[in-house]
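Every read-out reported here was derived from the displayed coordinates using simple, explicitly stated rules and does not represent laboratory data. Worth saying up front: this structure is predicted, and the values here are computed from it rather than measured. As a convention, Cβ positions derive from the backbone with ideal geometry for all residues, glycine included, and neighbour counts pool all protein chains shown.
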Amino acid sequence: MIKSDVLIIGSGVAGLTLAIKIAKKRSDLKITVMSKNSLEESNTKYAQGGVAAVWDKNMDDYEKHIADTLDAGDDLCDKNIVKIVVKEGPSRVKELIKWGTRFDKNSKKGYDLGKEGGHSENRILHYKDITGAEIERALIAKAKSYSNIRLLQHYYAIDLITQHQLGHVVIRVTPNIECYGVYALNKKNNDIQTFLAKKIVLASGGAGQIYRSTTNPVVSTGDGLAMIYRAKGRIENMEFVQFHPTALYNPAGDNPDFLVSEAVRGFGGILKTVDGEEFMYNYDKRGSLAPRDIVARAIDNEMKVRGVDNMYLDCRHLDMEKFVAHFPNIYEKCLSIGIDIAEQMIPIVPACHYMCGGVKVDEVGKSSIKNLYACGECTSTGLHGANRLASNSLLEAMVFAHRIAKDIVKTVDDSKIKKGIPEWKVDGTTDPKELVLITQSIKEIKEIMSSYVGIVRSNVRLKRASDRVWLIYNETESLYATSTVSPQLCELRNLITVAFLVTSAASMRRESRGLHYTTDYPEKNDFLETIVQ
Ligand code: FAD
Ligand code: SIN
């Protein structure tokens with residue numbers, strides 16, 4: 001058994017910021033950070049555009065950032081949380097800079113502030129087009145400088161430990177469910193170990209891998225969401241899946257899809273048809289820089305009406321020297337598949353990008369389960385409502401990491417490590433004979449979600465999706481009951497759970513709002529609120 005004061009699942013911006021903040025305040029606490037792959041492999045590493053924060057007060061102010069966030073969220077944001085994140089955000093970005101993160105500067109030696117869809121001002125701090133990789137680099141280096149942080153790579157968290165493992169019946173309405181730790185698989189030797197802690201934090205990121213096309217890396221299988229759902233914790237807003245309008249269209253097929261940052265449109269890139277016609281003004285007066293839900297839906301519609309596989313982003317009119325300096329990674333990637341941005345339009349297509357819903361948490365990141373917090377993309381804090389404003393998620397993770405750290409530092413001494421927790425039971429199970437049963441089911445889930453629970457939904461499509469997900473669920477539970485635990489099998493179970501959560505929340509929302517659009521209820525219904533599962 002491995003005991004810590006604080007156990008954090010995830011080493012993206014949320015998990016690492018939190019670990020550093022706790023370690024800084026309390027050198028007496030043992031903090032364990034666990035990552036299922038290498039430390040840096042996370043959504044954070046792939047973030048391109050940057051971090052939104054009110055920086056230049058001559059040009060921008062909190063009220064504008066708050067208004068933009070609320071407008072994107074389509075009346076489902078928690079106003080108090082929006083204010084908290086916007087107002088506390090700049091201090092968190094300053095800390096990140098103090099810890100060694102570089103952001104690009106302009107010729108006047110101030111920070112170069114980019115613009116993205118739905119933002120009324122330039123407020124995105126960035127490091128070229130690889131902001132996330134730079135943040136991750138700086139955070140890993142900083143975390144390694146604390147001797148009380150233990151960083152574990154290639155450990156796969158399987159399940160949360162609650163009263164359930166002590167033989168108590170725990171159902172969704174059981175009061176006072178408590179978390180004591182997790183069972184995790186050491187991927188190097190296949191041992192399942194018991195990790196116990198006084199405070200546990202899920203910082204396990206998103207779930208984009210439930211779709212065939214996604215900008216999320218393969219680690220984003222919604223494990224934290226599925227774990228808390230199995231432990232009977234509360235989850236909300238799962239119908240609001242954000243599709244990024246501009247993933248690079250690559251017929252060869254990439255997993256993940258390569259992102260062409262929204263900052264490219266902020267820099268002047270324009271969405272066009274194959275004939276060079278600018279179509280976005282037919283949908284919104286903000287044109288190519290309208291909020292993501294509107295742009296993704298418009299592209300989806302144009303593709304369907306025209307019967308084509310992709311639309312285009314035209315950058316040929318832009319200053320190429322400046323473009324390459326700002327977006328070297330995007331420029332190189334396009335070249336690598338034969339597209340010279342100076343000469344050709346970039347083929348683009350929408351792809352699943354971000355999970356707006358997640359673990360329901362309060363103002364200090366507490367979930368509905370005692371001693372269990374959640375931070376970052378796996379949460380629903382109330383910031384994003386029905387549609388996240390671009391570049392607000394790195395900010396949200398940092399603000400909440402700060403708040404959770406404060407709460408943990410204050411309360412950790414009141415909690416004890418639970419005694420009498422049994423080891424993981426492996427009796428009666430064997431290695432699955434045919435791995436293809438798992439890989440094929442993963443493919444099926446992705447197909448179902450992409451075909452029936454994508455950008456445009458309907459009652460018939462959602463019913464088809466839930467019937468098919470149910471079938472795969474039953475097959476997989478039988479397999480799980482008789483098989484040795486493997487990350488692939490666990491990920492399949494988790495993908496099924498998240499697919500179920502998204503599909504059922506979408507079926508319950510009988511209106512169109514933000515990222516959820518259904519042809520059966522095309523209007524917004526002002527009386528409908530958050531769906532909690
Ligand atoms: P992640 O960074 O995804 O980290 C999750 C961690 O949890 C990983 O370490 C993973 O290994 C670990 N983990 C998961 N499951 C388990 C398990 N079972 N056991 C052990 N460990 C586990 N947002 C912005 O604000 N600005 C941007 O410019 C931006 N660009 C983006 C570009 C791309 C291509 C993508 C994919 C996202 C982008 N986002 C952006 C969103 C943003 O990057 C993420 O929301 C944010 O980084 C999430 O951070 P996180 O720490 O919550 O999760
Ligand atoms: C992008 O660079 O377009 C991604 C920004 C985000 O997802 O917030």
Under a straight-distance cross-link criterion of Cα-Cα below 19 Å, which lysines are reachable from Lys30, leaving out those fewer than 8 residues away in the same chain? Lys3, Lys21, Lys142, Lys144, Lys198, Lys199, Lys406, Lys410, Lys416, Lys418, Lys419
Calculate one ³J(HN,Hα) per residue across the stretch 27-43 by plugging θ = phi - 60° into the Karplus curve 6.51 cos²θ - 1.76 cosθ + 1.60, and present them in order as whole Hz with x for glycine and proline. 6, 7, 8, 8, 10, 10, 10, 10, 9, 6, 10, 5, 4, 7, 6, 6, 4
Between Asn106 and Glu523, what's the calculated FRET efficiency when r is the beta-carbon distance and R0 is 45 Å? Round to 0.05. 0.55
Helix-derived mean residue ellipticity, 222 nm - over the chain, DSSP H n ≥ 4, -39500 (n - 2.57), to 500: -11500 deg cm²/dmol
What is the set of long-range amide H partners of Ala157 at a cut-off below 5 Å, with H atoms built 1.01 Å from backbone N? Leu185
Using alpha carbons only, how many degrees (0 to 90, rounded to 10) separate the axis of helix 13-25 from the longest principal axis of the chain? 60 degrees
Three-way shape label, the stretch 296-362, alpha-carbon gyration tensor, a/c 1.5: oblate
At a threshold of 8 angstrom on Cα-Cα distance, excluding pairs fewer than six apart, so keeping six or more, what relative contact order does the chain reach in percent? 22 percent
If packing is taken as the mean number of other Cβ atoms within 10 Å per residue, what is the order of 121-128, 462-469, 11-18, highest first? 11-18, 121-128, 462-469
Report the Cα centroid-to-centroid distance between the stretch 295-358 and the stretch 36-74 in angstrom, as an integer. 20 Å
I'd like the distance separating the alpha-carbon centroids of the stretch 147-184 and the stretch 253-291, in whole Å. 43 Å
For the chain, what is the percent of antiparallel DSSP beta bridges, rounded to the nearest 5? 60 percent
Stretch gain in nm, segment Tyr480-Thr429, where the contour uses 0.36 nm per residue and the Cα spacing is subtracted: 17.5 nm
Taking the Cα atoms of the chain alone, what are Rg (to one decimal) and Dmax (as a whole number) in Å? 22.3, 68
Phi-based couplings in Hz for the stretch 329-344 (Karplus 6.51, -1.76, 1.60; Gly and Pro marked x): 5, 5, 4, 5, 4, 4, 4, 5, 10, x, 10, 8, 4, 5, 10, 10
Assuming a ≥ b ≥ c are the square roots of the Cα gyration tensor eigenvalues, decide whether the stretch 47-87 counts as rounded (a/c under 1.5), prolate (otherwise, with a/b larger than b/c) or oblate. oblate
Expressed in whole Å with the largest first, what are the equivalent ellipsoid semi-axes of the stretch 36-186 derived from the C-alpha gyration tensor as the square root of 5 times each eigenvalue? 36, 24, 13
Relative packing of peptides 236-245, 362-371 - highest average C-beta neighbours within 10 Å first: 236-245, 362-371
Within the set of other residues whose C-beta is less than 12 Å from the C-beta of Thr221, count the net charge using Lys and Arg as +1 and Asp and Glu as -1. +1
Amide H contacts of Ala247 (H built 1.01 Å from N, under 5 Å, at least 5 apart or other chain): Val260, Val349, Ala351
Spelling it out for Tyr312: with amide H atoms placed in the peptide plane at 1.01 Å from N, the residues 5 or more places away or on another chain with amide H under 5 Å from its amide H are Lys272, Ile348
Calculate one ³J(HN,Hα) per residue across the stretch 451-460 by plugging θ = phi - 60° into the Karplus curve 6.51 cos²θ - 1.76 cosθ + 1.60, and present them in order as whole Hz with x for glycine and proline. 7, 10, 10, x, 5, 10, 10, 7, 4, 5
What is the fewest-to-most order of Leu139, Leu248 by other Cβ atoms lying within 10 Å of their Cβ? Leu248, Leu139
By the gyration tensor of its Cα atoms, with a ≥ b ≥ c the square roots of the eigenvalues, what is the shape of the stretch 14-76: rounded for a/c under 1.5, prolate for a/b over b/c, or oblate? prolate
Per-peptide average of other Cβ atoms within 10 Å, ordering 406-418, 347-359 highest first: 347-359, 406-418
With +1 assigned to the C-beta of every Lys and Arg and -1 to the C-beta of every Asp and Glu, and no other charges, what is the dipole magnitude of the chain about the Cα centre in debye, to the nearest 20? 1900 debye
